[in-house]
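Visitor: What follows is a single structure, and I will ask about it in a moment.
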Amino acid sequence: VLLERPEAAAERGATVLARVAGIGRGGEDRPRLGWLRPGEPPGVEGVAAAIRKALAEAGVSPDQIDYVSGSGNGTELDRVETAALRRALGPAAETVRISSVLGQSGEWLTSAGLRLVASICALAEQRLPGTVPCSEPDPEASLPGLLLGPQPATVRSVLLPCLAQGGGSVALVLSQP
């Protein structure tokens, strides 16, 4: 993946697959090792703030997001991400399509890069990846629009929320070039 200014891509004659339309940052205090403190409710406002900032910078409303490239890594962080998406997207969270490619690849420190590539492919190919091998989603850790298998779709904008240990959060909105 190469991130460059549109002028530089045009000068090289590169095929542009996606555009970073918005970036938002936020966070809250979470332990460096482990996602949540035992007995404490998850903090979601920093993640929700990052998502809202990315949407605002992109000039996109929550109901204009066609796909969310979620983490879905099987940890307690899935509940945090789900709650943050509900807070940031409001009613649109109940209908937006979401999936995670991490069930196929596993989680590692740079797996957000794989989610970025999946988002770019969704925009370029107009096809959404599924959440494989999930067959029975946890209703507290997933949204109703969870895709269990790949499917064709019209994809104009993708939301990529990223949560890290220690509480840092970044959200990207990608759009068609």
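Visitor: Would you mention how many residues in the range 147-164 are within 13 Å of P129 (Cα to Cα) and either touching a helix residue (DSSP H, G or I) at 6+ places or on another chain (Cβ under 6 Å) or open to solvent by less than 40 Å² (accessible area, probe 1.4 Å) (or both)?
Guide: Total satisfying the criteria: 5.
Visitor: Could you please let me know if L3 is assigned to a loop (DSSP other than H, G, I, E, B), open to solvent by 10 Å² or more (accessible area, probe 1.4 Å) and either within 23 Å of S157 (Cα to Cα) or modelled with pLDDT of 85 or more (or both)?
Guide: yes
Visitor: Do any residues in the range 148-162 that are within 19 Å of K53 (Cα to Cα) and touching a residue at least 40 places away in the same chain (Cβ under 8 Å) have Cβ atoms under 6 Å from those of residues that are of a type in the set (F, W, Y) and crowded, with 20+ Cβ neighbours inside 10 Å, where the two are at least six apart or on different chains, and which pairs are they?
Guide: Between residues of the range 148-162 that are within 19 Å of K53 (Cα to Cα) and touching a residue at least 40 places away in the same chain (Cβ under 8 Å) and residues that are of a type in the set (F, W, Y) and crowded, with 20+ Cβ neighbours inside 10 Å, the close pairs are V158/Y67.
Visitor: Please specify each residue of the range 18-43 satisfying the condition of being in a loop (DSSP other than H, G, I, E, B) and either at pLDDT 95 or above or buried (at least 22 other Cβ atoms within 10 Å of the Cβ) (or both).
Guide: Taking the range 18-43 as the starting set, the residues that turn out to be in a loop (DSSP other than H, G, I, E, B) are 18, 28-43.
Correct list: A18, R30.
Visitor: With the requirement that a residue be within 14 Å of P161 (Cβ to Cβ) and either modelled with pLDDT under 95 or in contact with an Asp or Glu (Cβ under 8 Å, 6 or more places away or on another chain) (or both), what does the range 62-76 give you? Outline the logic, then answer.
Guide: The first filter runs over the range 62-76 and keeps only residues within 14 Å of P161 (Cβ to Cβ), leaving 62, 65, 67-73.
Scanning the range 62-76 gives G70, S71, G72, N73.
Visitor: Tell me which residues, restricted to the range 121-140, are open to solvent by less than 30 Å² (accessible area, probe 1.4 Å) and part of a strand (DSSP E or B).
Guide: Initial filter on the range 121-140 (open to solvent by less than 30 Å² (accessible area, probe 1.4 Å)): 122-123, 128-131.
The one that is open to solvent by less than 30 Å² (accessible area, probe 1.4 Å) and part of a strand (DSSP E or B): L128.
Visitor: Condition test on G167, is it of a type in the set (G, A, S) and surrounded by fewer than 17 Cβ atoms within 10 Å (Cβ to Cβ)?
Guide: Considered against the rule, which asks whether it is of a type in the set (G, A, S) and surrounded by fewer than 17 Cβ atoms within 10 Å (Cβ to Cβ), G167 comes out as no.
Visitor: May I pose another question? Restricting the range 44-61 to residues that are modelled with pLDDT of 90 or more and assigned to a loop (DSSP other than H, G, I, E, B), which is surrounded by the most Cβ atoms within 10 Å (Cβ to Cβ)?
Guide: Residue satisfying both the conditions and the ranking: V60.
Visitor: Give the residue that is surrounded by the fewest Cβ atoms within 10 Å (Cβ to Cβ), with candidates limited to residues of the range 102-120 that are in contact with a Leu (Cβ under 8 Å, 6 or more places away or on another chain) and over 12 Å from R156 (Cα atoms).
Guide: S105
Visitor: Name the one entry in L159, L85, L114, L143 that is assigned to a helix (DSSP H, G or I), closer than 19 Å to V47 by Cβ and out of contact with any Lys or Arg (no Cβ under 7 Å at 6 or more places or on another chain).
Guide: Exactly one residue qualifies, and that residue is L85.
For (1) modelled with pLDDT under 95; (2) under 13 Å from the mean Cα position of the chain (by Cα), each residue gets a yes or a no:
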residue: L123; (1), (2): no, no
residue: P133; (1), (2): yes, no
residue: E140; (1), (2): yes, no
residue: P152; (1), (2): no, no
residue: S157; (1), (2): no, yes
residue: L160; (1), (2): no, yes
residue: A164; (1), (2): yes, yes
residue: S169; (1), (2): yes, yes
residue: V173; (1), (2): no, yes
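Visitor: Kindly establish whether S175 is among the hydroxyl-bearing types (S, T, Y), closer than 15 Å to S69 by Cβ and surrounded by fewer than 20 Cβ atoms within 10 Å (Cβ to Cβ).
Guide: Answer is yes for this residue.
The values are calculated or read from the model by the stated rules, or taken from the named source; none is laboratory data. Treat the numbers as computed from the prediction; the structure is a model and nothing was measured. FYI the Cβ positions are ideal-geometry reconstructions off the backbone, even for glycines, and counts take in every protein chain you see. Remember, those area values only see protein heavy atoms, side chains included, never the ligands or the DNA or RNA. Shrake-Rupley method; radii C 1.70, N 1.55, O 1.52, S 1.80 Å.
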